[in-house]
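Heads up, the thing below is written out as structure tokens.
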Amino acid sequence: LNVTDENFVMETLAGCIEYKSLLDVVVNAFYVRDGKYCLFSERNLYVVICYLATFQLEELGLQHFSRIVKSLDTAKMHKFLRFFFNTLNLNTWIKDEWSHFYDSLYVKENWIDPLLRWQPKVQQVIEQLTDKLNNCSTIVKTSTVTQPKEFNLTVPKPRAIPVPLPIPALEKSQPVPPSTYKTPKEKKQLEEIKIQNRRKAEVSVLYSYVSLSSKLLVLEYVPIDNIPIKLNAAAILREGALYQRKMEQELKRVENLLRGARDPSEFLEWQKQMRGKDMEEQLAEIECKRLQGKLSHEEAVLAHQNVIQENKKKADLMREEKAELMHQYAEKRLQEQKEMRELVEQVVEGHKNAKQAKLKLQKYKQQIVQEVCEENRELLRQALEEEEEKLRKRYELIQQIRAIESLPSLKNKFVDLTETGGHGLICEMSIVELRERLALLRETQKAAEEEKRDQIIQEKQAKEQLLLDKLDQISLFRAELGRAAALKQEDKKRKSQSGERPVKDERILNLQQKIMEKTMERKKQAELL
């Protein structure tokens, strides 16, 4: 290059590096919006054009700028200039993004307004690029197609028609084994075990009330002895409160009897009989529900057997449809194989023409890579020189700072503990006064702790005395309850109790009859299957 061209190239490179942040905003947005399908390796091309349009258009003039643009790829320059010189883009997001790096007023006066003044003239250049693109597309459309000529080759002998492959016959499927529609032995055994377990549960439910009553009677006959048990404070207070409530209730009952009230023993006996009747009714209700569940099970088994018959009919129909579909699939497969052979022959012929074009493209790419590597070496050398200059300046600055820090400074300072800080506050005090007040505060706190400790000891002694009194009271109550239980046991032995087994309800008998009928019907249906 001559001196003028070399200076222009160096100024352009320095400007692109200086205003890299502004240029990246436009170029990145172009790749996101209009340049989605542009190569990323051409990014520096768009950066240079954006720099010339923004900062050098006044110096270059429209004629030189248009010459640079037209010397490059028409489609790429047309797409980028139409995006960058869009009035809406310049006035909105480009202006806002550039204002993040520089003052908004400076951006508007020095860059946005000149671009808007040049926009009508640059629009003419864009229209010229549009016409050029249209002419190129028209020429491509009207170009004559090369007519291939046949080679003078020996005519091959006609091939024999291949014998079609035989259609594979479907293997005959094995019939469904008869055991599929029979109930397995394991299932029958599980049903028998289930019935036995249910019967055991019924017996346990029927006699649970009787066993519970017996246990309650045994517990009533057991005498209460004064067994020595170690109790904590909570257990002693809880048992003392229980006996206190019982004593108040007994006093109240005696007082009511003295006033003429009746003894509630007859009412309690009637209440016990009514509860027994309620228990019998509940057991009958449980038996009804169990029988209803068993009846529902029999009905569900019958419905399941009907569904099996319907499924068997559907399976026969699906087998016939499957055979028809397999026949159609075999015919379609033969037709696809024939079409695939023809397609393979066409693809082989196309590969022969594509190899030559691929070799030419590879040579062109190698040439471009060599040129780009030479440019990158020069740029890297300049960047390294600039970085070394910056490091040298930084090293000199660090040396100066260390020299300043190495100067001696006065570190010793006399402190008077009897003086205040001199901050002008009402509550200011010296360190000596602060230590005296802290000593007084510790003595006051220690006296308060001693007083609280004495109070806790007194409360603990009072609580221990209360627990001792409660223990004496509990021992007296236990002795009295033991004597009362012994007397009650003797009275119970004199009396005899007898109970009758409840008669089955009519609802239970009806449900059992229905279950027997459904069972017989299910067995007949199973034999038919």
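The values are calculated or read from the model by the stated rules, or taken from the named source; none is laboratory data. From a predicted model like this one, the values you see are computed outputs, not experimental measurements. Counting neighbours? That spans all protein chains shown, and the Cβs are built from the backbone with ideal geometry, glycine included. We work out accessible area using only protein heavy atoms, side chains counted, and drop any ligands, DNA or RNA first. Shrake-Rupley method; radii C 1.70, N 1.55, O 1.52, S 1.80 Å.
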Probe 1.4 Å, heavy atoms of protein chains only: per residue, the accessible area of segment 3-136 in Å² is 56
With all protein chains present, the chain has a carbon and sulfur share of its accessible area (1.4 Å probe) in percent of 57
Expressed as a whole-number percentage, the relative contact order of the chain with C-alpha contacts under 8 angstrom and at least six residues apart is 22
Probe 1.4 Å, heavy atoms of protein chains only: per residue, the accessible area of segment 290-372 in Å² is 91
Counting only DSSP loop positions in segment 109-191, the GluC sites (Glu not before Pro) whose Cβ has at most 15 other Cβ atoms within 10 Å are GLU150, GLU171
Rounded to the nearest 500, the 222 nm mean residue ellipticity computed for the chain from DSSP H runs (n ≥ 4, each -39500 (n - 2.57)) alone is -27000 deg cm²/dmol
Among LYS185/LYS322; LYS172/LYS322; LYS246/LYS493; LYS76/LYS132; LYS20/LYS393; LYS172/LYS313, the pairs whose Cα-Cα distance exceeds 22 Å are LYS185/LYS322; LYS246/LYS493; LYS20/LYS393
Segment 411-496 accessible area per residue, 1.4 Å probe, protein heavy atoms, integer Å², reads 92
A student applying the Cα gyration tensor rule (rounded when a/c is under 1.5; otherwise prolate if a/b is larger than b/c, oblate if not) would label segment 3-136 rounded
Highest mean packing first, using Cβ neighbours within 10 angstrom, the peptides 422-433, 63-74 sort as 63-74, 422-433
Set LYS182/LYS294; LYS312/LYS338; LYS121/LYS390; LYS36/LYS358, cut-off 32 Å on Cα-Cα distance; pairs above it are LYS312/LYS338; LYS121/LYS390
In cubic angstrom per residue, the convex hull of the chain built on its Cα atoms measures 634
For segment 1-56, listing trypsin sites (Lys or Arg not before Pro) in a DSSP loop whose Cβ sees at most 14 other Cβ atoms within 10 Å gives ARG33, LYS36
